[in-house]
Amino acid sequence: MLLLKMNSRWPGTIWLLGCLLFVATLRCEAQNLVPNPSFELRDTCSYTPGFVGSAKPLYWDKYAQSPEYFNTCAPAVGLDTLLAVPLNGFGYQQALDGDSYVGMFAFGNATYYREYVGCALVEPLEVGETYDLSFYTNVAFGGNYWVTTWACNNMGMLFTMEPNVWSENVQPAFGVRNHAHLFAPEVISDTANWTLVSGSFVADSAYQYLVLGNFFSDELTDTVGIIPGPALGAYYFVDGVCVTKQGQECSFVSGIATPESSVSGIWPNPVADVLNVDMETATTWQVFDATGRLVQMGNSAPGGFNINVYNWAIGEYVLRLNGEARRHLRFLVLR
């Protein structure tokens, strides 16, 4: 099995275009077997931590303990601020794709404390078939409530034959596997960028379910302190999950059609004076600084637009493009 981990700069540069899925019965050659792979589909906006009730992405469930569902729809008042995007109770992070992501403890301050999220695959894996696997993850840091002080390795994905769905009254155990079909052997400590974890494997069973998290014991998990302080644990955001047959491109779309990206690029990056944005279609846009503060906004006509950053403070910014398919692009102001 090939295991590969690399850092991505921002989804605008790594947007993967594959065959679009329209409905479950409409098949195409390149199909992501993960339903709702970037967690955009939902019944309701998140209103409380822990995948409680319908406050979770469609087709996904908690498989152990109390993972969270984060979304830009969460109101920035009261308890809902804990589940907002980009700033929430655990960290500050824009979504890789769209408006949502999930989060979970990969390592806790109690013995073998793990949180898992899982789903039923669109169809079972075929025995003997080689599959490409990938997901993006980011260690949470700088949240408005919980202080997570560690980073760890072993974030990964595991296929199973049976579900392990937790509810208020049913909480089946999910024991230590010390095995995963894909995992990051090195500690993922980047608090700013999404990290890609990818690889491939040959299916030895007709697996029907996918689980995300750390499946290794405390003794086999390495940890690194991010900041001094009480050891709350290592908490990770996850977005953009893919399972496809080997060699097929992956789409984060599930069940609905999404137009191809209309972004040609931004340049120069880093920028000192004027940022150029190439766009094929008209859109509205916003720029946020590293603290999530809105810096500038506007509307653009087809063909693109320019942003004068000459008087801006040096640092990292996020450009949000609110077209038919929302995109977030990071750029750096340097002089």
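Could you list all residues from the range 270-309 that are charged (D, E, K, R) and without any contact (Cβ under 8 Å) to a residue 12 or more places away in the chain? Before the answer, list the steps.
Going residue by residue through the range 270-309, those that are charged (D, E, K, R) are 273, 278, 280, 289, 293.
Hit for the range 270-309 is 293, nothing else.
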Is it true that some residue in the range 255-264 is modelled with pLDDT of 80 or more and either assigned to a loop (DSSP other than H, G, I, E, B) or of a type outside the set (Asp, Glu) (or both)? no
Go through (1) surrounded by fewer than 16 Cβ atoms within 10 Å (Cβ to Cβ); (2) at pLDDT below 90 for residue 205 and report which single condition fails. (2)
Within the range 46-72, which residues are among the β-branched types (Val, Ile, Thr) and out of contact with any Leu (no Cβ under 9 Å at 6 or more places or on another chain)? 52, 72
Could you check the range 83-100 and list, in sequence order, the residues that are among the aromatic types (Phe, Trp, Tyr) and under 17 Å from residue 48 (Cβ atoms)? 90
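Which residue out of 148, 137, 111 is assigned by TED's automatic domain parsing to the domain that holds residue 206 and either at pLDDT 95 or above or in a strand (DSSP E or B) (or both)? Can you show your working first?
Details: 148 fails: either at pLDDT 95 or above or in a strand (DSSP E or B) (or both); 111 fails: either at pLDDT 95 or above or in a strand (DSSP E or B) (or both).
Result of the check over 148, 137, 111: 137.
With the requirement that a residue be farther than 17 Å from residue 31 by Cα and over 21 Å from the mean Cα position of the chain (by Cα), what does the range 224-248 give you? Give the derivation first.
Of the range 224-248, the ones farther than 17 Å from residue 31 by Cα are 224-239.
Hits for the range 224-248 are 224, 225, 227, 228, 229, 230, 231, 232.
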Residues of the range 271-310 classified as farther than 24 Å from residue 72 by Cα and either at pLDDT below 90 or aromatic (Phe, Trp, Tyr) (or both), total: 10
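Kindly indicate whether any position in the range 167-174 is modelled with pLDDT of 90 or more, crowded, with 24+ Cβ neighbours inside 10 Å and of a type in the set (Gly, Ala, Ser). Explain how you work it out, then say what you get.
Here is the first cut: in the range 167-174, the ones modelled with pLDDT of 90 or more are 171-174.
From the residues that got through so far, the ones that are crowded, with 24+ Cβ neighbours inside 10 Å too are none.
Checking the range 167-174: not a single residue is modelled with pLDDT of 90 or more, crowded, with 24+ Cβ neighbours inside 10 Å and of a type in the set (Gly, Ala, Ser).
Among the residues of the range 274-312, which ones are aliphatic (A, V, I, L, M) and not in a strand (DSSP E or B)?
So the first thing to find is which residues in the range 274-312 are aliphatic (A, V, I, L, M), and the list is 274-275, 277, 279, 282, 287, 290, 294-295, 297, 301, 307, 309.
Within the range 274-312, 282, 290, 301, 309 qualify.
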So for the range 271-290 (the condition being aliphatic (A, V, I, L, M), surrounded by 13 or more Cβ atoms within 10 Å (Cβ to Cβ), closer than 17 Å to residue 333 by Cβ and more than 28 Å from the chain's Cα centre (by Cα)), does at least one residue qualify? yes
Can you find a residue in the range 39-48 that is at pLDDT 85 or above and small (Gly, Ala, Ser)? no
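The values are calculated or read from the model by the stated rules, or taken from the named source; none is laboratory data. All of these numbers come straight from a predicted model, not from anything done at the bench. All Cβ positions, even for glycine, are placed from backbone atoms using ideal geometry, and neighbour counts span all protein chains on display.
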